[in-house]
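J.: Once you've had a glance at the structure underneath, I'll fire off some questions.
The values are calculated or read from the model by the stated rules, or taken from the named source; none is laboratory data. Since the structure is predicted, the reported quantities are computational estimates derived from the model, not experimental observations. All Cβ positions, even for glycine, are placed from backbone atoms using ideal geometry, and neighbour counts span all protein chains on display. Note: accessible area is taken over every heavy atom of the protein model, side chains too, but ligands, DNA and RNA are not part of it. Shrake-Rupley method; radii C 1.70, N 1.55, O 1.52, S 1.80 Å.
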Amino acid sequence: MDKRLLDILVCPLCKSQLHLDPEKQELICKADRLAYPIRDDVPVMLVEEARSLSADEIL
């Protein structure tokens, strides 16, 4: 994912910074414990498409 794009994307729910998980191809919001998928190099920034993260995954 392009670093410039990652710098401007924020969580659509709380507007906090997102962190890239390159292995799972997800953008992580630690504040809301959500993982937004990246499909075909395009981040899917819909809360309905995000998966909930367990406490272990946040670390």
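J.: Would you be able to tell me the number of residues in the range 1-10 that are under 15 Å from Leu46 (Cβ atoms) and in contact (Cβ under 8 Å) with a residue 24 or more places away in the chain?
T.: So the count comes out to 1.
J.: Out of Asp21, Asp7, Asp2, which single residue is surrounded by 12 or more Cβ atoms within 10 Å (Cβ to Cβ) and at negative phi?
T.: Asp21
J.: If I filter the range 2-31 down to residues being touching an Asp or Glu at 6+ places or on another chain (Cβ under 7 Å) and among the aliphatic types (A, V, I, L, M), which single residue comes out as nearest to Glu57 (Cα to Cα)?
T.: Filtering first and then ranking leaves Ile28.
J.: Given the condition open to solvent by 30 Å² or more (accessible area, probe 1.4 Å), part of a helix (DSSP H, G or I) and β-branched (Val, Ile, Thr), answer yes or no: does some residue in the range 39-59 qualify?
T.: So far as the range 39-59 goes, yes, one or more of its residues are open to solvent by 30 Å² or more (accessible area, probe 1.4 Å), part of a helix (DSSP H, G or I) and β-branched (Val, Ile, Thr).
J.: Counting just the residues of the range 12-59 that are within 11 Å of the chain's Cα centre (by Cα) and hydroxyl-bearing (Ser, Thr, Tyr), which one comes out nearest to Met1 (Cα to Cα)?
T.: The qualifying residue nearest to Met1 (Cα to Cα) is Tyr36.
J.: Let me ask something additional. Restricting attention to the range 24-38, report how many residues are surrounded by fewer than 16 Cβ atoms within 10 Å (Cβ to Cβ) and not in a loop (DSSP other than H, G, I, E, B).
T.: Of the residues in the range 24-38, 0 are surrounded by fewer than 16 Cβ atoms within 10 Å (Cβ to Cβ) and not in a loop (DSSP other than H, G, I, E, B).
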